[in-house]
Amino acid sequence: MTSFAELAGRLTATGRELHARGWATGTSGNFSAVLARDPLRLLISRSGVDKGELVPDQVLEVDEAGVVTSGTGRPSDETVVHLAIVRERGAGAVLHTHSVWNTLLSEAAGDGGGLDLEGFEMLKGLSGVATHEHVERVPIVENTQDYARMATEVRRALALYPRAHGLLLRGHGLYTWGRDLAEAKRHVEVLEFLFEVVGRIYSATGRLRTPRATVGEGSGGRDGGG
């Protein structure tokens, strides 16, 4: 079984790397990983810390209700969203980034409720995806300071798109997940690459693909990570 110290070290190293890539600048973003399932124990970054200087002492352990059981400080306000994703997807880690491109596209495609990513070889970096012809539908949820409501809307989006590997909060950022921290990090890298490509195409041409219907889901397989 992975120890608190080991998992916190891996989580903070991942957070610093995402900061270095420009995806979680300043105090933006939050990161979590499952320490235990029964009962659920989640490690999550503390609120208000510079992600470029994130250290294990800034990681908290919370229970299934989001109550701190180890560590000092306040967990992210979005802890309830992390817990919702862990429950709905069986995820082992959840990463939340605030890049320029994911923010731009969350606004550009926000009225359509989602964004379609299709035709790119990089899609095969997502778990269960074996072809560039896969359509990855990324749902977009309206941002709110009511975090309980946000968690409810996230659960609704995950139910509507059970094969999605990530979702966007409008004007806010990306949530993605994986069976473990390594898979979640890979999904961030794949989706952030695709967001930049699609964002640059949109900036140059004005073309943007949004889901063709408000119900249904993209093609491709699903496994325990997404």
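The values are calculated or read from the model by the stated rules, or taken from the named source; none is laboratory data. None of the values given here were measured: they were computed from a predicted structure. No Cβ is skipped: glycine too gets one built from the backbone with ideal geometry, and neighbour counts run over all protein chains shown.
The table below lists the values:
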read-out	value
Flag if SER70 is buried (at least 22 other Cβ atoms within 10 Å of the Cβ) and either of a type in the set (Ser, Thr, Tyr) or farther than 26 Å from ARG155 by Cα (or both)	no
Residues (in contact with a Gly (Cβ under 9 Å, 6 or more places away or on another chain) and surrounded by fewer than 21 Cβ atoms within 10 Å (Cβ to Cβ)) located in region 162-177	ARG163, ARG170, GLY171
Candidates VAL62, VAL94 - the one that is touching a Pro at 6+ places or on another chain (Cβ under 6 Å), closer than 23 Å to LEU158 by Cβ and of a type outside the set (Asp, Glu)	VAL62
Number of positions in region 30-54 that are touching a residue at least 40 places away in the same chain (Cβ under 8 Å), assigned to a strand (DSSP E or B) and farther than 19 Å from THR176 by Cα	1
Filter result for ALA148 (closer than 19 Å to LEU83 by Cβ, assigned to a loop (DSSP other than H, G, I, E, B) and touching a residue at least 60 places away in the same chain (Cβ under 8 Å))	no
Residue check, MET122 part of a helix (DSSP H, G or I), touching a residue at least 60 places away in the same chain (Cβ under 8 Å), surrounded by 15 or more Cβ atoms within 10 Å (Cβ to Cβ) and under 15 Å from the mean Cα position of the chain (by Cα)	no
Conditions (1) farther than 30 Å from SER203 by Cβ; (2) surrounded by fewer than 24 Cβ atoms within 10 Å (Cβ to Cβ); (3) touching a strand residue (DSSP E or B) at 6+ places or on another chain (Cβ under 9 Å): number failed by ALA108	(1)
Region 18-29, residues that are surrounded by fewer than 16 Cβ atoms within 10 Å (Cβ to Cβ) and part of a helix (DSSP H, G or I)	ALA20
Residues (outside any loop (DSSP other than H, G, I, E, B), in contact (Cβ under 8 Å) with a residue 40 or more places away in the chain and among the acidic types (Asp, Glu)) located in region 55-89	GLU61, GLU88
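Listed here are the residues, each with its yes/no results for (1) at pLDDT 95 or above; (2) out of contact with any strand residue (DSSP E or B) (no Cβ under 6 Å at 6 or more places or on another chain).
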| residue | (1), (2) |
| --- | --- |
| LEU7 | yes, no |
| ALA13 | yes, yes |
| ALA20 | yes, yes |
| SER32 | yes, no |
| LYS51 | no, yes |
| LEU54 | no, yes |
